[in-house]
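The values are calculated or read from the model by the stated rules, or taken from the named source; none is laboratory data. Only a predicted model underlies this, so the values are computations on that prediction, with no experimental measurement involved. Note: ideal-geometry Cβ built from the backbone for every residue, glycine included; neighbour counts use all protein chains shown.
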Amino acid sequence: MSFPKNFLWGGATAANQLEGAWNEDGKGISIPDICTGGSHSQSKRITPVLEEGTFYPSHLAIDHYHRYKEDIALFAQMGFKVYRFSINWTRIFPNGDETEPNEKGLQFYENLIDECLKYNIEPLITISHYEVPFGLTKKCNAWASREMIDYYLNYCRAIFTRYKGKVKYWLTFNEINTGTEELGNALSLGILNEQDKATEFMNQVDIPQVRYQGLHHQFLASAKAVKLAHEIDPQFNVGCMLVYGCAYPLTCDPDDILANQEASRRFNYFCSDVQCRGYYPTYMNRFFKENDIEIKMEPEDETILKEGTVDFYTFSYYMSICNTADKEKAKGEGNILGGVKNPYLKASDWGWQIDPKGLRYSLNEIYDRYQMPLMVVENGLGAFDKIEEDGSINDDYRIDYLKAHIEQMHEAIKDGVDLIGYTPWGCIDLVSASTGEYAKRYGFIYVERYDDGTGDFSRRKKKSFDWYKQVIASNGENLDY
């Protein structure tokens, strides 16, 4: 009843949040490259025209592009079995619509993959992790257009072919269900409904019809990518990836129960129902009708979705929320997933409610629904870390968070869940996707880089580094510190 013998322990990152080198070796501009810095109290901005003198954190990030060998060696010291990272689309196709890939981009990721394999670390690659080419946003408003499917498949074909025999695990889209929310426009779909002026990331111009049509195009692209991957290499395993917003009704009032069911279906299950089951769930019909949304489908779309279901399911888990039918209740501070405060839970520095048992509950709910292998590919505590006078970083709060969640994963395995991997988010400090800041740190490895643009990018181990090394070495049996 312990963790499986071949359990995949590791960590997770995203290209735009750690690589830097935003315009080197032929790389084109992606949506994160036009996003300014921000904070937990001030939204980052999306600036279609770069502003002189404005700080753009993704431009240098943590300089992983030039330091990947050092970073992979540190991951190997911890004993990683798997490393989840993403390929930045614009390193391979700078504008997104080229016919031939950029060789320097392909070579960089081949070098990165080879470095992982040198240490027997399994690469788990996210094909599109919030890195839509800005050139395609300007050309066709990105995923709002059906044209994007072919651009995406051209990109997939290039990387599937190049890394065949070296990579087994792929994820088509990161947190695809963010497309059900307003912030998913630029973040996930590359949609900017006003491309001629700067806008707050947390206050984008939203057209639900356009957004949900964009999601449909991503569903089709994902399904076609699954089929293409299996044709190129039958050993490829292709998964979906969602942000799972574990949700409870605030009270046992039937109105709260129904409000929670409706919200959870739309956010947590709609996208995975399509990707895992191969068809649109009927519960979305009412939502579409009441919100004047009509998904435009071609005759072949239903067949494409049916033939392109994923091989495994992965998700991020950071917090849980409560839902209520009472519009007067205050929302949980900092909860980008919405919802209201749970009176039984504490919260992080950013207001995210900490709920380890919610992870066990979520794993059971997901596995009961889909009966396929699961991975938790993001989980962690964003916090302010302090360097002590002796140079140490004693992040006991992070260890406590991760320990509690690992314990609940173990309980889920005992419940019968087929859980095959765990990759905590931001295993090395990086730029926050939601706030665009360095101060929100997740890593086992501290990076000397700060929100005022200072720092020499040097790395140092936190207390959690050796603790996680011990966790992996004991296959989850020794969680003490």
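The rows are residues; the columns are (1) touching a Pro at 6+ places or on another chain (Cβ under 8 Å); (2) surrounded by fewer than 16 Cβ atoms within 10 Å (Cβ to Cβ); (3) in a loop (DSSP other than H, G, I, E, B).
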| residue | (1), (2), (3) |
| --- | --- |
| LYS5 | no, yes, yes |
| TRP9 | no, no, no |
| ASN23 | no, yes, yes |
| LYS27 | yes, no, yes |
| SER43 | no, no, yes |
| SER58 | yes, no, no |
| ARG67 | no, no, no |
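Tell me which residues, restricted to the range 90-131, are assigned to a loop (DSSP other than H, G, I, E, B) and touching a Pro at 6+ places or on another chain (Cβ under 9 Å).
PHE93, PRO94, ASN95, GLY96, ASP97, ASN102, TYR130, GLU131
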task = Check the range 114-134 and report whether any residue there is among the small types (Gly, Ala, Ser) and surrounded by 20 or more Cβ atoms within 10 Å (Cβ to Cβ).
result = yes
request  = Looking only at the range 70-79, decide whether some residue is in contact with a Leu (Cβ under 9 Å, 6 or more places away or on another chain), within 27 Å of ASP456 (Cβ to Cβ) and buried (at least 18 other Cβ atoms within 10 Å of the Cβ).
outcome  = yes
key: Residue in the range 94-113 that is touching a Phe, Trp or Tyr at 6+ places or on another chain (Cβ under 8 Å), on the phi > 0 side of the Ramachandran plot and in contact (Cβ under 8 Å) with a residue 40 or more places away in the chain present   = yes
request  = Take the residues in the range 196-220 that are in contact with a Cys (Cβ under 9 Å, 6 or more places away or on another chain) and of a type in the set (Phe, Trp, Tyr), then tell me which one is nearest to GLU181 (Cα to Cα).
outcome  = PHE201
ask   = Does ASP415 satisfy the condition of being closer than 25 Å to ALA73 by Cα, out of contact with any strand residue (DSSP E or B) (no Cβ under 9 Å at 6 or more places or on another chain) and surrounded by fewer than 20 Cβ atoms within 10 Å (Cβ to Cβ)?
value = no
request  = Assess whether VAL471 counts as being in a helix (DSSP H, G or I), crowded, with 22+ Cβ neighbours inside 10 Å, hydrophobic (A, V, I, L, M, F, W, C) and modelled with pLDDT of 95 or more.
outcome  = yes
ask   = Among (1) under 20 Å from the mean Cα position of the chain (by Cα); (2) part of a loop (DSSP other than H, G, I, E, B), which single condition is LYS197 missing?
value = (1)
note = The residue that is farthest from the chain's Cα centre (by Cα), considering only those in the range 166-183 that are over 21 Å from ARG91 (Cβ atoms) and not aliphatic (A, V, I, L, M), is LYS168
request  = Answer with yes or no whether PHE270 is modelled with pLDDT of 95 or more, touching a strand residue (DSSP E or B) at 6+ places or on another chain (Cβ under 6 Å) and under 23 Å from ASN379 (Cβ atoms).
outcome  = no
remark   = Filter the range 418-459 for residues that are of a type in the set (D, E, K, R) and assigned to a strand (DSSP E or B); the one that is surrounded by the fewest Cβ atoms within 10 Å (Cβ to Cβ) is ARG459
One residue from TYR279, TYR244 being closer than 16 Å to VAL310 by Cα and of a type in the set (Ser, Thr, Tyr) = TYR279
key: Meets criteria (surrounded by 14 or more Cβ atoms within 10 Å (Cβ to Cβ), more than 24 Å from the chain's Cα centre (by Cα), at pLDDT 95 or above and not in a loop (DSSP other than H, G, I, E, B)) for PHE288   = yes
request  = Collect the residues in the range 183-213 that are among the charged types (D, E, K, R) and either at pLDDT below 95 or over 26 Å from ASN285 (Cβ atoms) (or both), keeping them in residue-number order.
outcome  = GLU194, ASP196, LYS197, GLU200
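Run down LEU215, LEU242, LEU192 and say which single residue is of a type outside the set (Gly, Ala, Ser), surrounded by 22 or more Cβ atoms within 10 Å (Cβ to Cβ) and part of a strand (DSSP E or B).
Testing whether each residue is of a type outside the set (Gly, Ala, Ser), surrounded by 22 or more Cβ atoms within 10 Å (Cβ to Cβ) and part of a strand (DSSP E or B) leaves just LEU242.
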request  = Write out, first by first residue and then by second, each pair whose Cβ atoms fall under 7 Å of each other, whose residues are 6+ apart or on separate chains, and whose first residue, in the range 411-434, is more than 23 Å from ARG460 (Cβ to Cβ) while the second is of a type in the set (Val, Ile, Thr).
outcome  = LEU419/ILE413; GLY421/VAL82; TYR422/VAL376; SER434/ILE336
Sole exception among (1) at pLDDT below 95; (2) of a type in the set (D, E, K, R); (3) within 20 Å of the chain's Cα centre (by Cα) for GLU131, by number = (1)
remark   = With criteria (1) surrounded by fewer than 20 Cβ atoms within 10 Å (Cβ to Cβ); (2) touching a Ser or Thr at 6+ places or on another chain (Cβ under 9 Å), GLU262 comes up short on (2)
note = (1) assigned to a helix (DSSP H, G or I); (2) farther than 25 Å from ARG157 by Cα all hold for CYS252 apart from (1)
